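> Just passing along the structure, written as structure tokens.
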Amino acid sequence: MRKEGIAREWAEPINQILRITEGHDELVFGGNLWKMEFQAREGGLDWLLAAVARSAAEIIVEGAQARLRICANPACGLFFTDNSRTQRRRWCSMAICGNRHKVASFARRHAS
Ligand SMILES: [Zn+2]
């Protein structure tokens, strides 16, 4: 986000978590078609942290191509990947920060 490089030592905590197996995909027959279903590793929520670490690692590998953005809500501060077609997504979540912005704008317009 700040066009700074990634220090080598920052990768180690991510690598430590990546060593935790998130789980694996399995073929599951769902009535009349096959689908791939993620099977989380049993035992605690480590697999969830591993999924977050995997996302961080992918963003680092993608570099500037990652389309990493910070939410336009100054009180939020969450990062997100902008996969929208127009590449102009502003909010981490339209349902949360986007709607709050809309409601605040509406209230400002109608305050007078
Ligand atoms: Zn947000």
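> Would you check the accessible area of M1, probe 1.4 Å, heavy atoms only, in square angstrom rounded to 10?
110 Å²
> How much length is gained if the chain between E9 and D46 is pulled fully straight, taking 0.36 nm per residue apart and subtracting their Cα-Cα distance, in nm to one decimal?
Result for the pair: 11.1 nm of gain on full extension.
> Are there DSSP H segments in the chain that both extend 20 Å or more along their axis (alpha-carbon positions) and score a mean Kyte-Doolittle hydropathy of at least -1.0? List them, or say none.
The qualifying helices are 46-62.
> Additional query: Take every Cα pair under 8 Å in the chain that's 6+ residues apart, average their separations, divide by the length, and report that relative contact order as a whole percent.
17 percent
> Using alpha carbon coordinates only, what is the Rg to Rh ratio of the chain, with Rh defined as the Kirkwood radius?
1.10
> Now for a separate question. Heavy atoms only, probe 1.4 angstrom, no DNA, RNA or ligands counted: give me T86, T81 ranked by accessible area, highest first.
I get T86, T81, largest accessible area first.
> Using a 1.4 Å probe, how large is the accessible area of R41, given in Å² and rounded to the nearest 10?
Near enough 100 Å² of accessible area.
> Now for a separate question. Using a 1.4 Å probe and ignoring any ligands, DNA or RNA, find the accessible area of V52 and quote it in Å² to the nearest 10.
90 Å²
The values are calculated or read from the model by the stated rules, or taken from the named source; none is laboratory data. If you're wondering where the values come from, they're calculated on a predicted model, not measured in any experiment. Ligands, DNA and RNA are stripped out before the accessible areas are found, and what is left, the full protein with its side chains, is counted by its heavy atoms. Shrake-Rupley method; radii C 1.70, N 1.55, O 1.52, S 1.80 Å.
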